[in-house]
Amino acid sequence: MKEKIRIEGGLELQGSVRTEGAKNACLPIMAAALLCEGQVVLNDIPALNDVMFMCSVLTSLGAQVEYLPAEKRLIIDSTRLTSTEAPYSLIRKMRASFLVIGPLLAREGKARVSLPGGCAIGIRPIDLHLKGLKAMGAEVVIGHGYIETVTDRLRGERVYLDFPSVGATENIMMAGALAEGATVIENAAEEPEVVDLARFINAMGGRVVGAGTDTIRIHGVSRLSSTEYTVIPDRIEAGTFMVAAAITGGEITVENVIPTHIVPLIAKLKEAGCDVIEEESLIHIRRNGQIRAVDIKTLPYPGFPTDLQSQMMVLLTLARGTSVISETVFENRFMHIDELRRMGAQIKIEGHTAVVTGREKIFGAPVKATDLRAGAALVLAGLAAQGRTEVDCIHHIDRGYLNFTEKLAALGAKISRSE
Ligand code: UD1
């Protein structure tokens, strides 16, 4: 059955919406559960396709995994692992499953993991992950589409990342958690999800300091043990709803959000003419008159997140004036532009820069999601467009948004899933 999302555009959103636990915090934390000789209980874990997929990766390695959907609770017991191999059939479906290489190597002294291969939003190499693991004493052999790594015991080392990669920082942090001595990651990623992973490792008895800055120091310990942990809220989901309110001219409250995690989005929405009021774990947002053009440049945290670039672009297609959007994190993250043009958006691409000429209206059309965030952006475009929009290939959206259509419908959108 091939489902689509159908939207009748033009309605303002009103009301409250609660965000889920962060997908990009859940996935590395689930991988880190492999480090634990015992059971971990994880709270606020949404039943997303990517999360369920990571459950199957952990199960294939021998972990006991139980998900309680009503409680949004995940229980993982990695006391006995039975495999150190993550085959192509698993890695191919979700790149983030490559995050198991660090914990497997640290815990079992070896790992055989498929190369992740290409990805719709860019080449996404893994050289920095491997640079770290090699520096820590792992032998790494690449052949037949696989990476085989082996070590007696990882040793702490200084690792400088040429780019503050989120995944490389996380993999090296997990490897360092059980290494001998101290591992120092320089030019580390500072994303809130990296900090959440560090806090989880510490909750298991690890010794990670400096997460959230560009230098993270991990003092290896001999074992990590059982704990219970609640993941942070999803800043990208929260941001997507905030842009949805702005785009439709509505007024909504986003609950379960940490405002300091989305400072650049709040700043840009205010520049564009929205009223944004922050409370401890709430954000109220209201559009105030016509949207004004703003320029955006995606950067590693605390810069503007690449995962909100496509959503903001949709907003700016309806702004007064011309906006310039530069994508510096991924090389191929403008795939939504062709689809937006089919809805009447005026966007020119020059290398890594998109020039968006705002116009008064865009129009509903059949469009296709090309990746997770691009898919969400097309739904937002549908909410603002005149007439009906049908978004195809919505399995991309299901990877990262739980009950997306239901949540938007509860805010007043005319939206449904259909065959
Ligand atoms: C994570 C997020 C993703 C987000 C991205 C950037 C998860 C599961 N996914 O992806 O949603 O868009 O951070 O915020 O958390 N790079 C290298 N060599 C490497 C690793 C990365 O050159 O070894 C490059 C990539 O090609 C890319 C850039 O670094 O251009 C950013 O990638 P990275 O920060 O690693 O993103 P992910 O961890 O894959």
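Ligands, DNA and RNA left out, the 1.4 Å accessible surface of the chain is 48% carbon and sulfur atoms.
Rg of the Cα atoms in segment 1-90, relative to 2.2 N^0.38 Å, amounts to 1.38.
Counting only the Cα atoms, segment 145-193 fills a convex hull of 94 Å³ per residue.
Dipole of the chain computed with +1 at Lys/Arg Cβ and -1 at Asp/Glu Cβ about the Cα centre; of LEU308, ILE266, ALA384, farthest Cα towards the positive end is ALA384.
Grab the other residues whose beta carbon is less than 15 angstrom from that of SER222, score K and R as +1, D and E as -1, and report the net. My count for the surroundings of SER222 gives +1. Per-residue Karplus couplings for segment 374-387, computed as 6.51 cos²θ - 1.76 cosθ + 1.60 with θ equal to phi - 60°, are listed in order as 4, x, 4, 4, 5, 5, 4, 4, x, 5, 8, 6, 7, x Hz, Gly and Pro entered as x.
Here the chain is treated as a sphere whose radius is the Kirkwood value from Cα pairs; by Stokes-Einstein at 10 °C and 1.306 mPa s it diffuses with a coefficient of 73 µm²/s. Of the cross-linked pairs LYS23/LYS407; LYS72/LYS268; LYS131/LYS348; LYS131/LYS297; LYS93/LYS361, those separated by over 26 Å at the C-alpha level are LYS72/LYS268; LYS131/LYS348; LYS131/LYS297; LYS93/LYS361. At q = 0.13 Å⁻¹, what is the base-10 log of I(q)/I(0) for segment 68-223 according to the Debye formula with one equal point scatterer per Cα and no solvent? Please give it to two decimals. One equal scatterer on each Cα of segment 68-223 leads to -0.58. Couplings 3J(HN,Hα) of segment 126-136, computed from phi: 10, 4, 6, 4, 6, 4, x, 5, 5, 4, 8 Hz, in residue order, whole Hz [Karplus 6.51 cos²θ - 1.76 cosθ + 1.60, θ = phi - 60°; x for Gly and Pro].
Based on protein heavy atoms only, segment 151-223 ends up with 37 Å² per residue of surface accessible to a 1.4 Å probe. With both residues required to sit in segment 330-419, DSSP beta bridges show an antiparallel share near 55%. Expressed in units of 2.2 N^0.38 Å, where N is the residue count, the Cα radius of gyration of segment 257-381 is 1.02.
Taking a sphere under 14 Å around the Cβ of ASP152 and counting the other residues whose Cβ falls inside, with K and R at +1 and D and E at -1, yields a net charge of +1. Of the Cα atoms belonging to segment 237-302, the radius of gyration and Dmax stand at 11.2, 31 Å.
Under the convention that each Lys and Arg Cβ holds +1 and each Asp and Glu Cβ holds -1, the size of the dipole of the chain around its Cα centre is about 700 debye. Of the beta bridges in the chain, as assigned by DSSP with both residues counted there, near 70 percent are antiparallel. Scaling the Cα radius of gyration of segment 269-324 by the globular reference 2.2 N^0.38 Å produces a ratio of 1.19.
Using just its DSSP H runs of length 4 or more, each adding -39500 (n - 2.57), the chain gives a mean residue ellipticity at 222 nm of -9000 deg cm²/dmol after division by all residues.
For segment 123-226, the share of DSSP beta bridges that are antiparallel, to the nearest 5, is 70%. Each residue was assigned an accessible area with a 1.4 Å probe, and for ARG107 the value is about 40 Å².
For segment 1-135, the residue among ALA63, TYR88, ASN43 whose Cα projects farthest onto the positive side of the dipole built from Cβ charges is TYR88.
Using a 10 angstrom cutoff on alpha carbons, build the Gaussian network for the chain and name the most mobile of THR253, THR405, THR82. Most flexible of the set in this elastic network: THR82. Accessible surface calculations at 1.4 Å, restricted to protein heavy atoms, place segment 281-412 at 37 Å² per residue.
The values are calculated or read from the model by the stated rules, or taken from the named source; none is laboratory data. Worth saying up front: this structure is predicted, and the values here are computed from it rather than measured. With ideal geometry, Cβ positions are generated from the backbone for all residues, glycine too; neighbour counts draw on all protein chains shown. Keep in mind that these areas ignore ligands, DNA and RNA; they rest on the heavy atoms of the full protein, side chains included. Shrake-Rupley method; radii C 1.70, N 1.55, O 1.52, S 1.80 Å.
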